[in-house]
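Structure first, then comments.
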Amino acid sequence: SFTYKNFTLSALFDMKFGGDIVSVTEAMATFYGTAKRTAKRTDIIVDGVTVSGEKNTKPVSAEDYYKLIGSTDGFAEEFIYDASYIKLKELALSYSFPKTLLKKTPFTNLRLSLVARNLCYLLKHTPGTSPEGGYDTNMYSSAIDYLAVPYTRTFGFSVNVSF
């Protein structure tokens, strides 16, 4: 928090460093052709080698490639991301009325605040989804983003009064 005269600006950051998250959301978007990566519709030459050990030069259709890597039969490496993030979770600006202005009122304190929550990620590695996502709360599936809905950005106003 920072205070200047009667104004206070406070911020709450949420952060996590390390770990991986599997984005089933991104995999399914790729499978159905709605992910940003699927905008490339020309044939794709997959990095790798052939059975004989030579560099692969055979193109495959973009549709076949995206359907293969986006399949939910397993997790393709393309959909495993660093789960680290830094998020501006809350920002509040408050004004406390001076006691001299409150003398002729029944209030001993009066503070007005504007509050915003879930404003933005300052760092994240997951495309289009939240790195906080999770399938559920057990330790084996908390690192799986399975069609998670993003956190809602909210704005509010509060009045804090003391008598």
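Bear in mind that the values in this text are calculations on the coordinates, not laboratory data. It should be emphasised that the depicted structure is a prediction, and the values quoted were computed from it without experimental measurement. With ideal geometry, Cβ positions are generated from the backbone for all residues, glycine too; neighbour counts draw on all protein chains shown.
Key figures for this structure:
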quantity: Spin-label model distance (nm) - residue 44 vs residue 161, 7 Å beyond Cα toward Cβ; calculated: 6.0
quantity: Fewest-first sequence of 45, 21, 144 by Cβ atoms within 10 Å of each Cβ; calculated: 45, 144, 21
quantity: Difference of contour (0.36 nm per residue) and Cα-Cα distance, residue 12 to residue 57; calculated: 11.1 nm
quantity: Viscosity 0.890 mPa s, temperature 25 °C, Stokes-Einstein D of the chain from Kirkwood C-alpha radius, µm²/s; calculated: 124
quantity: Fewest-first sequence of 82, 73 by Cβ atoms within 10 Å of each Cβ; calculated: 73, 82
quantity: Rg(Cα)/(2.2 N^0.38 Å) for the range 22-79, N = residue count; calculated: 1.18
quantity: Order of 50, 129, 42 - criterion: other Cβ atoms within 10 Å of each residue's Cβ, fewest first; calculated: 42, 50, 129
quantity: 15 Å Cα-Cα reach of residue 124 towards aspartates and glutamates, excluding residues that sit fewer than 8 places from it in its own chain; calculated: 14, 20, 26, 82, 132, 145
quantity: Segment residue 104-residue 36, length gained on full extension (0.36 nm per residue, minus Cα span); calculated: 18.4 nm
quantity: Mean separation of Cα contacts under 8 Å, 6 or more apart, over the residue count of the range 22-79: relative contact order %; calculated: 44
